[in-house]
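Scroll down for the structure; my scribbles are underneath it.
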Amino acid sequence: EKGGYDHFMLKEIHEQPKAILDTYRGRMLADEGIIRMAGIDDHINKFMNAQRIIIVACGTSWHGGLVGEYLIEEFARIPVEVEYASEFRYRNPIVTSKDIVIAISQSGETADTLAAIKLAKSKGAFVFGICNVVGSSIARETDAGAYTHAGPEIGVASTKAFTTQITVLTLIALKLASKKGELSKPELSSLLQKMQLIPGKIENLLKIDDKVKEIAAVYKDAPNCLYLGRGFNFPVALEGALKLKEISYIHAEGYPAAEMKHGPIALIDENMPIVVIATNKGHYEKVVSNIQEIKSRAGKIIAIVTEGDTQVKEIADHVIEIPETEEALTPLLTTIPLQLLSYHIAVMLGKNVDQPRNLAKSVTVE
Ligand code: F6R
C-alpha cells in the first residue's frame with residue numbers, strides 16, 4: 001500500500017507531480033488562456049463584487065492560505081486577510097455579505113475551520129471551500145468550492161495537500177485577475193503554460209534526494225533550526241519549519257528573512273542551521289544580504305536557489321537548486337526539498353514519520 005516506499009510521507013511527496021496535474025487538469029486550457037472552475041464561474045458576480053477575501057484555515061492549510069494571499073493580491077488585486085480559524089471564530093470578527101470567506105482544509109473535518117465557516121455564514125458572507133476529502137463536512141457546509149485532487153493523504157504531516165491547495169489558489173487568483181482585466185489573455189496563457197511545466201520540474205527536483213540526505217546527515221542532531229524566505233516563499237519557510245517540528249521534534253521556526261534583525265538573529269551562532277529560500281527573482285539581492293548577515297555570525301546556511309545561481313553558492317554551506325519558473329509558481333518547487341529534508345532527518349533520528357507523537361490526521365475537537 002506504500003507503493004514500494006518506506007513511508008506514506010515519502011510516497012506522498014513523490015505523488016506531487018501527479019497530484020498537481022490532477023488538480024489543474026480539466027480546469028485550464030493553457031494555450032487559449034482559459035480557466036474553468038464551476039465553483040467560481042457559478043458565482044462570478046460575488047467574486048467580482050467582493051470587497052475582501054478572508055481565508056480561514058489551520059496548520060499547513062493556513063500556510064497554503066498565506067501563499068493564496070500573496071497570489072490573489074498580486075494578480076487579482078483583491079484585499080485578502082488570512083486568519084487562523086481558531087482565532088477568527090472567537091474574536092467577534094467583522095464580516096459582512098460583501099466578504100468572501102475561503103476555508104481551506106485537507107480533511108474537511110477540522111473543528112475550528114468548520115466553526116469559522118458557520119460563523120461567517122451566519123454573518124452573511126459567501127463561503128468557498130478548498131478541501132481534499134470529497135463529501136467531507138467542510139465540503140458540505142460551504143456555499144461552493146473547488147476540490148484539490150491530491151488523492152488520500154495518509155501521512156499525518158501534510159505534503160501533497162499543501163501543494164495542491166497552492167495549485168487551486170493559483171488558478172483562483174489567475175481566473176479572478178483575468179476576469180477583472182488585470183491579466184491579458186496572452187499573459188494568462190503564458191502563466192498557465194508555465195504551470196503545465198511544474199509537474200515535470202518537480203519530477204526532476206525529486207532526484208536531488210541523495211543530496212538532501214547528505215545535508216540531513218550533517219544537521220540531524222541540531223536542537224534548533226531557522227527557515228527564512230521572502231514574498232511568495234515566506235509561507236514556505238513557515239511550512240518548512242512546521243514539517244521539521246512535527247516529524248523530527250527539532251525546534252524550528254520560520255520567519256520572513258528581513259525579520260531576522262528584529263530578534264531571531266540573536267540565536268545565530270556556529271551551531272544554528274538556517275534554511276534560506278533565495279530564488280532568483282524574489283527580492284534576490286535582499287535575500288543575499290540577509291544571507292551575508294547570517295554568515296558573518298557563523299550560522300550554517302542551507303540555501304534553496306534557482307538553477308545556475310552563482311552569488312548565493314559562494315556564501316552558502318549547502319545549496320539545493322530548483323528549476324527556473326515564474327516567481328509566483330516557485331512555492332510549488334521550493335516546498336519539495338524542505339519536505340525531503342524533514343523526512344530524512346526524522347528517519348535518521350528513528351522517529352515515527354507517518355504518525356508523529358501527539359498528533360492526529362484530522363483535528364475534529366478544538
Ligand atoms: C501539518 C498538519 C496540520 C494540518 C491542520 C489542518 O502537517 O497536518 O497542521 O494541516 O491540522 O488540517 P486540515 O487541512 O485537514 O484542516
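The values are calculated or read from the model by the stated rules, or taken from the named source; none is laboratory data. Just so we're clear, the structure is a prediction, and the values are computed from it rather than from any experiment. So basically every Cβ, Gly included, is an ideal-geometry build from the backbone, and we count neighbours across all protein chains shown. Calculation scope for accessible area: heavy atoms of the full protein, side chains included, ligands and nucleic acids excluded. Shrake-Rupley method; radii C 1.70, N 1.55, O 1.52, S 1.80 Å.
How many of the residues in the range 70-93 are closer than 22 Å to residue 167 by Cβ and away from the ligand (no atom under 14 Å from the Cβ)?
11
Just the residues that are open to solvent by less than 30 Å² (accessible area, probe 1.4 Å) and either within 14 Å of residue 63 (Cα to Cα) or assigned to a helix (DSSP H, G or I) (or both), please, taken from the range 140-163.
157, 158, 159, 160, 161, 162, 163
Quick one: count up the residues across the range 105-122 that are in a loop (DSSP other than H, G, I, E, B) and open to solvent by less than 10 Å² (accessible area, probe 1.4 Å).
The qualifying residues number 1.
For the range 347-357, give me each residue that is within 12 Å of the ligand (Cβ to nearest atom) and of a type outside the set (Val, Ile, Thr).
Matches in the range 347-357: 354, 355, 356.
Does residue 284 satisfy the condition of being surrounded by fewer than 22 Cβ atoms within 10 Å (Cβ to Cβ) and of a type in the set (Phe, Trp, Tyr)?
Considered against the rule, which asks whether it is surrounded by fewer than 22 Cβ atoms within 10 Å (Cβ to Cβ) and of a type in the set (Phe, Trp, Tyr), residue 284 comes out as yes.
State whether the residues of the range 300-315 include one that is over 29 Å from residue 158 (Cα atoms), more than 16 Å from the ligand (Cβ to nearest atom) and surrounded by 18 or more Cβ atoms within 10 Å (Cβ to Cβ).
Checked against the condition, which is being over 29 Å from residue 158 (Cα atoms), more than 16 Å from the ligand (Cβ to nearest atom) and surrounded by 18 or more Cβ atoms within 10 Å (Cβ to Cβ), the range 300-315 yields at least one hit.
Keeping to the range 79-88, report how many residues are open to solvent by 50 Å² or more (accessible area, probe 1.4 Å) and either aliphatic (A, V, I, L, M) or assigned to a loop (DSSP other than H, G, I, E, B) (or both).
Number satisfying all stated conditions: 1.
Quick one: would you say residue 126 is farther than 19 Å from residue 63 by Cα, in contact (Cβ under 8 Å) with a residue 40 or more places away in the chain and aromatic (Phe, Trp, Tyr)?
yes
Check 137, 122 and return the single one that is touching a helix residue (DSSP H, G or I) at 6+ places or on another chain (Cβ under 6 Å), modelled with pLDDT of 95 or more and of a type in the set (S, T, N, Q).
137
From 102, 53, 130, which residue is within 20 Å of the chain's Cα centre (by Cα), assigned to a strand (DSSP E or B), away from the ligand (no atom under 16 Å from the Cβ) and crowded, with 21+ Cβ neighbours inside 10 Å?
Selected residue: 53, the only one of 102, 53, 130 that is within 20 Å of the chain's Cα centre (by Cα), assigned to a strand (DSSP E or B), away from the ligand (no atom under 16 Å from the Cβ) and crowded, with 21+ Cβ neighbours inside 10 Å.
Starting from residues that are open to solvent by 20 Å² or more (accessible area, probe 1.4 Å) and hydrophobic (A, V, I, L, M, F, W, C), keep the ones in the range 58-69 and report whichever is nearest to the ligand (Cβ to nearest atom).
The extreme case among them is 58.
Output yes when any residue across the range 243-259 is under 13 Å from the mean Cα position of the chain (by Cα) and assigned to a helix (DSSP H, G or I), and no when none is.
Yes, some residue in the range 243-259 is under 13 Å from the mean Cα position of the chain (by Cα) and assigned to a helix (DSSP H, G or I).
Regarding the range 169-179, can at least one residue be identified that is open to solvent by 50 Å² or more (accessible area, probe 1.4 Å) and either of a type in the set (Gly, Ala, Ser) or at pLDDT below 95 (or both)?
No, there is no match, as no residue in the range 169-179 is open to solvent by 50 Å² or more (accessible area, probe 1.4 Å) and either of a type in the set (Gly, Ala, Ser) or at pLDDT below 95 (or both).
Test residue 341 against the stated conditions and say whether it is under 29 Å from residue 171 (Cα atoms) and within 16 Å of the ligand (Cβ to nearest atom).
yes
State yes or no: is residue 194 part of a helix (DSSP H, G or I), surrounded by fewer than 23 Cβ atoms within 10 Å (Cβ to Cβ) and free of Cβ contacts under 8 Å to residues at least 24 places away in the same chain?
Here the answer is no, as residue 194 does not meet what is asked.
Quick one: which residue in 76, 125 is surrounded by 22 or more Cβ atoms within 10 Å (Cβ to Cβ), touching a Lys or Arg at 6+ places or on another chain (Cβ under 7 Å) and over 20 Å from residue 156 (Cα atoms)?
76
Take the conditions touching a residue at least 12 places away in the same chain (Cβ under 8 Å), among the hydroxyl-bearing types (Ser, Thr, Tyr) and away from the ligand (no atom under 16 Å from the Cβ) and apply them to residue 96. Does it pass?
Spelling it out, residue 96 is indeed touching a residue at least 12 places away in the same chain (Cβ under 8 Å), among the hydroxyl-bearing types (Ser, Thr, Tyr) and away from the ligand (no atom under 16 Å from the Cβ).
For the list (1) assigned to a loop (DSSP other than H, G, I, E, B); (2) touching a Ser or Thr at 6+ places or on another chain (Cβ under 9 Å); (3) open to solvent by less than 50 Å² (accessible area, probe 1.4 Å), I need the number of the one condition that residue 9 fails.
Among (1) assigned to a loop (DSSP other than H, G, I, E, B); (2) touching a Ser or Thr at 6+ places or on another chain (Cβ under 9 Å); (3) open to solvent by less than 50 Å² (accessible area, probe 1.4 Å), residue 9 violates only (1).
How about the range 135-168: which of its residues are away from the ligand (no atom under 12 Å from the Cβ), under 17 Å from residue 27 (Cα atoms) and touching a strand residue (DSSP E or B) at 6+ places or on another chain (Cβ under 8 Å)?
Within the range 135-168, 144, 145, 146, 147, 168 qualify.
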